[in-house]
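Take a look at the structure set out below.
The values are calculated or read from the model by the stated rules, or taken from the named source; none is laboratory data. This is a predicted model, so every value here is computed, not measured. Positions of Cβ are backbone-derived with ideal geometry, glycine not excepted, and every protein chain shown enters the neighbour counts.
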Amino acid sequence: MNFDLSEEQSIIRDMARRFSADVIAPEFQKLATSNEVPYDILGKMADMGFMGVPFSEEYGGGGGDWVSMHLVIEEVSRADIALGTLLDVTTSVVAQEIDRFGTEAQKKQWLPDLCTGKTIGAFALTEPSSGSDAGSLKMRAELDGEEWVLEGTKQFITNVGLDHCSLVVVAARAEIEGKEQIVTFIVPKDAPGLVVGRSYDKIAFESGATNELIFDHCRIPKDSILGDPSRGFAQHLAVLETGRISIAAACVGAAQACLDHSLAYAREREQFGKPIFEFQGVQFKLSDMAVKIEMARTLYLKAAWLKDEGRPHTFEAASAKLYASEMLEQCASDAVQILGGNGVMEDYPVASIFRASKIMQIVEGTSEVQRIIIGRLLASGARS
Ligand SMILES: Cc1cc2nc3c(=O)[nH]c(=O)nc-3n(C[C@H](O)[C@H](O)[C@H](O)COP(=O)(O)OP(=O)(O)OC[C@H]3O[C@@H](n4cnc5c(N)ncnc54)[C@H](O)[C@@H]3O)c2cc1C
């Protein structure tokens, strides 16, 4: 067994760590409280090659692996979890779905700009009446001559409100060879009839864009189907499995930030004549945070490694997402407590991380959904 990162993995992790500390972290107050998208930082992240790490150089990617991609997500999230989640959606989910299931023409059309950060992607599955039960979606696609016509509304869609979001990968019901299927389509953002609706006010991720998306007789060319039309839903679920590893990595980065800030604070802040770090009640919280973060990191890295090895990782991805997102809430809560009154002020990042932890327990499948996935594996005997 070998727990060491390769040289390439260490190099990209260290690059991302430096970038995060030097470029993103100084902007934390603006990122936590303003709803302006940080296009300047996004541009610099793209220049660093963070968007396309695991994809082939032929399509503008970095030729790296999924372990490296997730190390980048962890490090970026250490300074801003919303930016880490943006990487999850555009790289782990959208670009991966095109890379794995797209035709050569689709890959050539979309991947180079996504991999180099010239454009960003969005993924639209959730609807007003279908969230956890995603398979009950209602959106419809009908073939009209040489075009598909899409009708329906998606909600809570990340990234689609960004100026340079170029496409949305969408799931809709369509009749294929006489049978109703959930089909995946690539919809360019400027497609006629595609309307970016309301922007949601969230409890955290202020700097991230989350919007409603309306398909009002939206017309796209016939060849816009992504992958096998009879396996559109399975394709979505396959890439969401990677998304779960990415959410876990983002949670680990944010939890590490909680530890960094509360440890530094506990060393500095004196009460009763000594640094509060010397009180066992405070030190135990910090020790528990360090252990939980390491456990969550090990879980997500194992899931990413299994993915790189081409081996099944449904249990590991669901476990990593479940554990890391719940661990983040506990670490953020303890960090707020250690900072006392300062913990609930926006002067320190822990308050906004505390709020963000609830979002992380909901996106890419709620904690309950992860427990259902794990429970099914136990019931089937695939895990014991
Ligand atoms: C900030 C943000 C960004 C998002 N970005 C995207 C995006 O880019 N693309 C996209 O498609 N979606 C996105 N979503 C949607 C997200 O995936 C859903 O919110 C999530 O899947 C939950 O669906 P829901 O909100 O409809 O809750 P519901 O499914 O209505 O669930 C409500 C509650 O019931 C529980 N529940 C439901 N079914 C069961 C069950 N069988 N057993 C036990 N408990 C159950 C849930 O766990 C939850 O606690 C985003 C959401 C947020 C908050």
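Can you run down the residue pairs with Cβ atoms below 8 Å, 6 or more apart or on separate chains, where the first is in region 20-33 and more than 13 Å from residue 352 (Cβ to Cβ) and in the same structural domain as residue 45 (by TED's automatic domain parsing) and the partner is loosely packed, with under 14 Cβ neighbours inside 10 Å and at pLDDT below 85?
Every condition considered, no pair remains.
Scan (1) crowded, with 16+ Cβ neighbours inside 10 Å; (2) under 26 Å from residue 382 (Cβ atoms) for the single condition residue 311 breaks and write down its number.
Result: residue 311 fails condition (1) only.
Taking residue 295 as the residue in question, decide whether it is in a helix (DSSP H, G or I), touching a Leu at 6+ places or on another chain (Cβ under 6 Å) and farther than 27 Å from residue 125 by Cα.
Against the criterion (in a helix (DSSP H, G or I), touching a Leu at 6+ places or on another chain (Cβ under 6 Å) and farther than 27 Å from residue 125 by Cα), residue 295 does not qualify.
Starting from region 81-92, keep only residues that are among the hydrophobic types (A, V, I, L, M, F, W, C), then list their pairs with residues that are more than 10 Å from the ligand (Cβ to nearest atom) and part of a helix (DSSP H, G or I) whose Cβ atoms are within a distance under 6 Å, requiring at least 6 positions of separation or different chains.
Between residues of region 81-92 that are among the hydrophobic types (A, V, I, L, M, F, W, C) and residues that are more than 10 Å from the ligand (Cβ to nearest atom) and part of a helix (DSSP H, G or I), the close pairs are 81/250; 81/254; 83/76; 87/73.
Here are some conditions: (1) farther than 30 Å from residue 345 by Cβ; (2) among the polar types (S, T, N, Q); (3) not in a helix (DSSP H, G or I). Residue 35 meets all but one. Which one does it not meet?
Answer for residue 35: the failing condition is (1).
Please go through region 128-159 and give me each residue that is in contact with a Gly (Cβ under 9 Å, 6 or more places away or on another chain), hydroxyl-bearing (Ser, Thr, Tyr) and surrounded by fewer than 16 Cβ atoms within 10 Å (Cβ to Cβ), ordered by number.
Across region 128-159, the qualifying residue is only 132.
Counting just the residues of region 203-225 that are within 15 Å of the ligand (Cβ to nearest atom) and over 17 Å from residue 154 (Cα atoms), which one comes out surrounded by the fewest Cβ atoms within 10 Å (Cβ to Cβ)?
By that ranking, first place goes to 203.
Consider residue 284 carefully, then state whether it is free of Cβ contacts under 8 Å to residues at least 24 places away in the same chain, in a helix (DSSP H, G or I) and buried (at least 18 other Cβ atoms within 10 Å of the Cβ).
Against the criterion (free of Cβ contacts under 8 Å to residues at least 24 places away in the same chain, in a helix (DSSP H, G or I) and buried (at least 18 other Cβ atoms within 10 Å of the Cβ)), residue 284 does not qualify.
Could you check region 349-384 and list, in sequence order, the residues that are of a type in the set (Lys, Arg), at pLDDT 95 or above and either more than 24 Å from residue 93 (Cα to Cα) or more than 16 Å from the chain's Cα centre (by Cα) (or both)?
355, 371, 376
If residue 116 passes every condition in (1) surrounded by fewer than 21 Cβ atoms within 10 Å (Cβ to Cβ); (2) farther than 30 Å from residue 56 by Cβ but one, which one does it miss?
(2)
Please indicate, with yes or no, whether at least one residue in region 230-238 is in a helix (DSSP H, G or I), at pLDDT below 95, touching a helix residue (DSSP H, G or I) at 6+ places or on another chain (Cβ under 7 Å) and surrounded by fewer than 20 Cβ atoms within 10 Å (Cβ to Cβ).
yes
Looking at region 89-142, which of its residues are β-branched (Val, Ile, Thr) and touching a strand residue (DSSP E or B) at 6+ places or on another chain (Cβ under 8 Å)?
89, 90, 93, 94, 98, 119, 120, 126
Restricting to region 358-384, count the residues that are over 16 Å from residue 237 (Cβ atoms), free of Cβ contacts under 8 Å to residues at least 24 places away in the same chain and within 11 Å of the ligand (Cβ to nearest atom).
Selection size over region 358-384: 2.
Going through 186, 182 one at a time, which residue ends up being touching a Phe, Trp or Tyr at 6+ places or on another chain (Cβ under 6 Å) and surrounded by 16 or more Cβ atoms within 10 Å (Cβ to Cβ)?
None of the others qualify; the one that does is 182.
From (1) in contact with a strand residue (DSSP E or B) (Cβ under 8 Å, 6 or more places away or on another chain); (2) at pLDDT 95 or above; (3) within 16 Å of the ligand (Cβ to nearest atom), pick out the condition that doesn't hold for residue 193.
(3)
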